[in-house]
Amino acid sequence: MSESSEGGPPATGSLAGQTCLVTGASRGIGHGIAEDLGAHGAEVVVNYRSSRNEAESVVDAIESAGGAAIAAQTDVSVKAEVEAMRDRVHEAFGPVDVVVNNAGITVDKPFDEMTREDWDAVIDVNLGGVFNVTKTFYDDVCEAQDGRLINISSVVGQQGNYGQANYATTKAGLFGFTRTLALEMASTGSTANCIAPGFVATDMLDEVPKRVQEKILREIPLDRFATIEDVAPIVRFVASQESSYMTGQVLGVNGGMEW
Ligand code: NAP
């Protein structure tokens, strides 16, 4: 982990010298996480699947603020593409210290209408993508010694949610995955944790019908949806040296929702 320019202890929240891969960083929460990590000194890999212009804008914003970033087009559900991304990342920045598994999709339907294709599409990205990315960058994170695996889950993985049997299953699956990886990585000094946001104002939430949004809002004690800026600094904390003794945990960022 990094030291301050004076050679003393690292500044709080500093990620100087750290290479961070954020999957699904072209839009929404991943976009916010990537910019925030970049603003705090990290070299950032801005992964995306199809939103090329948006991903390049994220890179531009990080560079304009004095940071370093590259965009990496990769469908995380395709292992060969993830392995090719590793080669590009190593060429640009060397090994990755922090992996943020953020890319995720929804295909919402009540379970009686949900097809096996709907189920598989969400599992392939939200869990298959996590497998592919973690597997491919596992040695990097472990060899970083104080490396970080950060999985973006959801309060939906804790509560369930109408029309989201596939999505809730993937987000709950991340709890067991994270806990297990935390145990298996512990001897290396690297950590694995989950962030479980509540409902965050992004394109994903926009897809939820307004009447359902209103019902959800009534269940949030802080009486508002989360902003991306509510989530990104929590991810930064987990990515930083300050969280070194925290592993295998689920951090709820949900406005006080019960679960
Ligand atoms: P979003 O606005 O829909 O953005 C999704 C991002 O994931 C985009 O950058 C998209 O890239 C990328 N992506 C999707 N499929 C991909 C794939 N196969 N390979 C690579 N990238 C892929 O979603 P969000 O709301 O920011 O959600 C981000 C994460 O937070 C998800 O894991 C979600 O489950 C979780 N979360 C969201 C909320 C919420 O209320 N919004 C709450 C809790 C947890 P392209 O645009 O290039 O396709």
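Residues checked against (1) in contact (Cβ under 8 Å) with a residue 24 or more places away in the chain; (2) surrounded by 15 or more Cβ atoms within 10 Å (Cβ to Cβ):
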| site | (1), (2) |
| --- | --- |
| 211 | no, no |
| 214 | no, no |
| 220 | yes, yes |
| 223 | yes, no |
| 228 | yes, yes |
| 240 | yes, yes |
| 246 | yes, no |
| 254 | yes, yes |
| 259 | yes, no |
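From the residues in the range 26-40 that are closer than 13 Å to residue 60 by Cβ and near the ligand (Cβ under 8 Å from one of its atoms), which one is least open to solvent (accessible area, probe 1.4 Å)?
Looking at residues that are closer than 13 Å to residue 60 by Cβ and near the ligand (Cβ under 8 Å from one of its atoms), I get 26.
Find all pairs meeting these conditions: Cβ atoms under 7 angstrom apart; at least six residues apart or on different chains; first residue within the range 105-131 and more than 27 Å from residue 81 (Cα to Cα) and part of a loop (DSSP other than H, G, I, E, B); second residue open to solvent by less than 70 Å² (accessible area, probe 1.4 Å) and within 12 Å of the ligand (Cβ to nearest atom).
These pairs meet every condition: 114/166.
Being over 29 Å from residue 111 (Cα atoms) and open to solvent by less than 30 Å² (accessible area, probe 1.4 Å) is the filter; apply it to the range 147-190 and report the residue that is nearest to the ligand (Cβ to nearest atom).
150
Kindly state which helices (runs of 4 or more DSSP H) lie completely within the range 141-259 and contain at least 3 residues that are within 15 Å of the chain's Cα centre (by Cα).
By residue number, 165-185, 228-239.
When residue 110 is evaluated against the numbered criteria (1) out of contact with any Cys (no Cβ under 7 Å at 6 or more places or on another chain); (2) within 16 Å of the ligand (Cβ to nearest atom), which criterion, by number, is the only one it fails?
Evaluating residue 110 over (1) out of contact with any Cys (no Cβ under 7 Å at 6 or more places or on another chain); (2) within 16 Å of the ligand (Cβ to nearest atom) leaves (2) as the failure.
Between a residue in the range 35-55 that is within 9 Å of residue 22 (Cβ to Cβ) and any residue that is small (Gly, Ala, Ser) and more than 13 Å from the ligand (Cβ to nearest atom), which pairs come within a Cβ distance under 8 Å, given they are 6 or more apart or on different chains?
Here the result reads 37/239; 44/38; 44/67; 44/68; 44/69; 45/69; 45/92; 46/69, each pair linking the range 35-55 to a residue that is small (Gly, Ala, Ser) and more than 13 Å from the ligand (Cβ to nearest atom).
Among the numbered conditions (1) free of Cβ contacts under 8 Å to residues at least 24 places away in the same chain; (2) more than 10 Å from the ligand (Cβ to nearest atom), tell me where residue 193 comes up short.
All conditions are met except number (1).
Within 8 Å of the ligand (Cβ to nearest atom) and open to solvent by 10 Å² or more (accessible area, probe 1.4 Å): which single residue out of 97, 75 fits that description?
So the residue among 97, 75 that is within 8 Å of the ligand (Cβ to nearest atom) and open to solvent by 10 Å² or more (accessible area, probe 1.4 Å) is 75.
The values are calculated or read from the model by the stated rules, or taken from the named source; none is laboratory data. Not measured: the values here are computed from a predicted model. Note: ideal-geometry Cβ built from the backbone for every residue, glycine included; neighbour counts use all protein chains shown. Surface accessibility is based on the protein's heavy atoms, side chains included, excluding ligands, DNA and RNA. Shrake-Rupley method; radii C 1.70, N 1.55, O 1.52, S 1.80 Å.
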